[in-house]
Amino acid sequence: MNPTDRFLAARDFLQRHREDYEAARAGFRWPALERFNWALDWFDVYAEGNGRTALHVIRHGAERKVSYAELKERSCRVANHLRALGARRGDRLLAVLGNAPVVQELMLACLRLGLVFVPASTALTPALVRERIEKGGVRLVVADAAAAEALGAVPGVAVSLAVGDAVQGWLPFDRAYAAPAAFTADAETPASDPALLYFTSGTSASPKLVEHTHASYPVGHLSTLYWLGLREGDLHLNVSSPGWGKHAWSSVFAPLTAGAAVVLEDVARFQPAHLLDLLERLPVTSLCAPATAWRMVTMAGLAGRRVHLREALSAGEPVGADLIAAVRGAWGLTIREGYGQTETTAQIGYTPGQPVKPGAMGRPLPGFDVRLLDADGAEAEEGEITLGLDPVPTGLMAGYAGDAALTARAMRGGRYHTGDTARRDADGHLHYVGRADDLFKSSDYRISPFEIEAVMLGHGAIAEVAVIPSPDPVRGLVPKAFVHLRPSEVPSPELARDILKWARSRLPRFQRVRRIQFGELPKTISGKIRRGELRNAEQARPGEHRGAGEYWLEDLAEHRTGRGGEQP
């Protein structure tokens, strides 16, 4: 079979077994592709003369639909324009763009040309964008007008294109649409050629440059398609911005492989009420959002909202049982969790038809050999999530660009090491425990911050929480909770006592939170909590010093009953 037929056969197999997890796991094999270009060998073939909607675009209140055929034509024009400007196979192109069709056009154009696409968030400062340009060896930059204006001239960049308003020193991107609509590739594309480079968000370390090939993301996202449960003609809404891997997961490769349409709206800040209005107005069949976004939506009120959803999905952070119960109670839908990384496609998840255990993240997806290893490298019921490398799963990165030592460390012992830990229950379902470097011991008990956080998020006053180890002269380390309250709540000793008492009744004694601090939580550009920053600051805190809005169990006991009284 040719590459297109092999890719299509693998996709069709998964879709035939959409609700038969066991059959999909047993029978799926990644397609063997020596040469493959998703834009040329799949998208253009499917899009030829296809009037089905690919992108449902919302901008300033107006809506328009972009068909597969139109998206193909526009992206071919962009590819021809970039080629005319001197872009050549292997060049790296950095994009600083919002959630608009130009992202899909540009990604398709880069794949056609053999350029390496390097996405960057519009929330990055100009200094951070320049750092990515330098570290990424970037030769071409495409940015929206605001980002281009802030960046100015960038040394070492051969071509700078601004989308939207004119920017001095930058070429107008819109000229691309006057280029020829017919595109001819200069050569076949080896499936192992680099296609995308992603800077990880770096919650506890400096960002790493993850390299994906023309196979690892475009083909590897067959697992993501299976997890999402997308069908041809679906309308999918993904809450993610183009600077992050999750955008490629379910705003590009998975839905456009399925023949579904993607809702695109560029909003400066996530607005849960607006999303609910959108879900009522449009026939959106599937919604994928991180747990934080789902939590904000439930806080905005689900009751009485008549949505059209068939699938409710979440990835990026663990979903608690309380959140699943809230959505199920209001809409009769169960949030299906998925797990993966920038370095991989979806590895673990609950697929359509599987019984969901609230609080668990699912079972291994087709194409991945998932095993949990303890500190000695032995298989265990609780340990680090690892992927087998014999054979290498297609949905795994090629490595960390420019860092052979880091790549070797991640791939040691014949397995890819995720750095995340999980627990397997008697039915084979996996429960997220935390990042390996987030776990700690208190009085010789092993503490999982996530397990404590999952309980605390059930308290009605808490919007977000992060638990980290705090130095203690008796126990060595004790759990401390940094709490971001809901807008209607005001920090106070009484509220701190109530939260700690509430958590105490639901947690085993060894997991008891003994310190609490109210305030904002430091986050990465992608919205992940910077636990490393919290841990470092806590380790540097002098002795018995209390921070602003911080309360200790001992303080609250004295406040309530006097010294020596019963602790909450």
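The values are calculated or read from the model by the stated rules, or taken from the named source; none is laboratory data. As the structure is a computational prediction, the values presented were derived from the model and not from experiment. Because the Cβ atoms are built from the backbone with ideal geometry, glycine has one as well, and the counts that use them run over all protein chains shown. Heads up: the accessible areas ignore ligands, DNA and RNA and are worked out on the full protein's heavy atoms, side chains in. Shrake-Rupley method; radii C 1.70, N 1.55, O 1.52, S 1.80 Å.
Laid out as a table, the results:
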{"quantity": "Dipole axis of the stretch 313-384 (+1 Lys, Arg; -1 Asp, Glu on Cβ), positive-most option in T344, A378, A360", "calculated": "A360"}
{"quantity": "Selected from V297, G399, H417, residue furthest toward positive end of dipole (the chain; charges at beta carbon)", "calculated": "V297"}
{"quantity": "Crossing angle, helix 101-113 versus the chain [Cα axis fit, 0-90 degrees, rounded to tens]", "calculated": "60"}
{"quantity": "Fully extended contour minus Cα-Cα distance, from A166 to Q539, at 0.36 nm per residue", "calculated": "129.4 nm"}
{"quantity": "Spatial separation of Cα centroids for the stretch 13-49 and the stretch 83-108, in angstrom", "calculated": "25"}
{"quantity": "Convex hull of the stretch 154-253 built on C-alpha atoms - directionally averaged projected area, nm²", "calculated": "10.4"}
{"quantity": "On Cα atoms only, tilt of 493-504 relative to the major axis of the chain in degrees", "calculated": "80"}
{"quantity": "Label-to-label distance, nm, for residues given as R281 and R506 (7 Å Cα→Cβ offset)", "calculated": "3.5"}
{"quantity": "For the stretch 81-155: Kirkwood Rh in Å [reciprocal of mean 1/r, alpha carbons]", "calculated": "12.5"}
{"quantity": "Antiparallel bridge percentage (DSSP; both residues within the stretch 1-149; nearest 5)", "calculated": "40"}
{"quantity": "Unit charges on C-beta of K, R, D, E only; dipole of the stretch 312-446, Debye", "calculated": "300"}
{"quantity": "Relative contact order (%) - the stretch 51-126, alpha-carbon pairs under 8 angstrom, separation at least six", "calculated": "29"}
{"quantity": "Protein accessible area in the stretch 17-165, 1.4 Å probe - carbon and sulfur %", "calculated": "49"}
{"quantity": "Accessible area in square angstrom per residue, the chain, 1.4 angstrom probe", "calculated": "40"}
{"quantity": "Estimated inter-spin distance, S492 and R412, nm [label 7 Å along Cα→Cβ]", "calculated": "5.2"}
{"quantity": "Gap separating the Cα centres of the stretch 449-516 and the stretch 287-332, nearest whole Å", "calculated": "23"}
{"quantity": "Protein accessible area in the stretch 280-335, 1.4 Å probe - carbon and sulfur %", "calculated": "54"}
{"quantity": "Folded to 0 to 90 degrees: helix 272-281 orientation relative to the chain principal axis, Cα", "calculated": "50"}
{"quantity": "Cα-centred dipole magnitude for the stretch 161-262, charges only on beta-carbon of K, R (+1) and D, E (-1), debye, nearest 20", "calculated": "300"}
{"quantity": "Mean Cα-pair separation over length for the chain, i.e. relative contact order, pairs under 8 Å, 6 or more apart, %", "calculated": "11"}
{"quantity": "Label point distance in nm, A158-K65, each placed 7 Å from Cα along Cα→Cβ", "calculated": "4.1"}
{"quantity": "Theoretical gain in end-to-end length, R35 to L128 [0.36 nm per residue, Cα-Cα removed]", "calculated": "30.0 nm"}
{"quantity": "K441 long-range amide H proximity, modeled H, under 5 Å", "calculated": "I447"}
{"quantity": "Among L256, A166, L94 - extreme Cα towards positive end, dipole of the chain, charges at beta-carbon", "calculated": "A166"}
{"quantity": "Percent antiparallel among DSSP beta bridges (both partners in the chain, rounded to 5)", "calculated": "60"}
